[in-house]
Amino acid sequence: MQQQRVFLKRTAALLSVRKTGSSPRFFSMSFVRLSEEDARFEEEVKKTEKWFASPRFAEIKRPYTAASVVEKRGTLPVIYPCDHQAQKLWALLQKYAADKKPLSTMGAIDPIQMTQMAPHQEVLYVSGWACSSVLASGISFQFPG
């Protein structure tokens, strides 16, 4: 009974969005014309091509097209949480390249060490090799005797 109420509330919310047309509908039960779907596909391909051509990715050689990427995506919008940090790093790298200065960085062994180093360093990363080479286990053994 509770599940039915939740389903009905969600259905009502989707229908209200459908009537107002205020936001895109994902997982819609209504039919979409092929021309609309083709137009959306072409729009996404153009956005992806523009993103591929941006200075951040200009030197990357891809053996695939933007259309092949878009056709494999789902219909839900993808938002990567790490994109914000990647954009910050790209801007910092561009700034240092324009000034022709080196950008010093250090690799931390774990996130705790990173937070301790952060006030003193512009760029830090958690070093994969360092993390894997340090035995940091939460299991303790007690030997008899």
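For this structure, a couple of remarks:
- Test: residue in the stretch 27-44 that is under 30 Å from Ser132 (Cα atoms), at pLDDT below 90 and either out of contact with any Pro (no Cβ under 6 Å at 6 or more places or on another chain) or of a type outside the set (Asp, Glu) (or both): no
- Single residue of the stretch 110-145 satisfying the filter (within 26 Å of Tyr96 (Cβ to Cβ) and small (Gly, Ala, Ser)) that is modelled with the lowest pLDDT: Ala130
- Matching residues, the stretch 63-110, being of a type in the set (S, T, N, Q) and farther than 18 Å from Gln121 by Cβ: Thr65, Ser68, Thr75, Gln87, Gln94
- Top-ranked residue in the stretch 68-96 [being touching a residue at least 24 places away in the same chain (Cβ under 8 Å) and touching a helix residue (DSSP H, G or I) at 6+ places or on another chain (Cβ under 7 Å); ranked as farthest from Phe41 (Cα to Cα)]: Trp90
- Qualifying residue in the stretch 95-105 (condition: at pLDDT 85 or above, open to solvent by less than 100 Å² (accessible area, probe 1.4 Å) and touching a Phe, Trp or Tyr at 6+ places or on another chain (Cβ under 7 Å)): yes
- Contact map, the stretch 101-118: first residue under 15 Å from Trp129 (Cβ atoms) and among the acidic types (Asp, Glu), second residue assigned to a strand (DSSP E or B) and open to solvent by 50 Å² or more (accessible area, probe 1.4 Å), Cβ cut-off under 7 Å, separation 6 or more or different chains; pairs are Asp110/Val126.
- Filtered residues of the stretch 55-90 (kept if under 25 Å from Ala39 (Cα atoms) and surrounded by 10 or more Cβ atoms within 10 Å (Cβ to Cβ)): Arg62, Thr65, Ala66, Ala67, Ser68, Val69, Val70, Glu71, Arg73, Thr75
- Once the stretch 106-131 is narrowed to residues that are open to solvent by less than 70 Å² (accessible area, probe 1.4 Å) and in a helix (DSSP H, G or I), the residue that is farthest from Phe57 (Cα to Cα) is Gln113.
- Of everything in the stretch 50-94 that is hydrophobic (A, V, I, L, M, F, W, C) and in a loop (DSSP other than H, G, I, E, B), the residue that is modelled with the lowest pLDDT is Val78.
The values are calculated or read from the model by the stated rules, or taken from the named source; none is laboratory data. Note that the structure is predicted; figures quoted are calculated from it, not measured. Neighbour counts run over all protein chains shown; Cβ positions are idealised from the backbone, glycine included. These area figures cover heavy atoms from the full protein model, side chains too; ligands, DNA and RNA do not enter into them. Shrake-Rupley method; radii C 1.70, N 1.55, O 1.52, S 1.80 Å.
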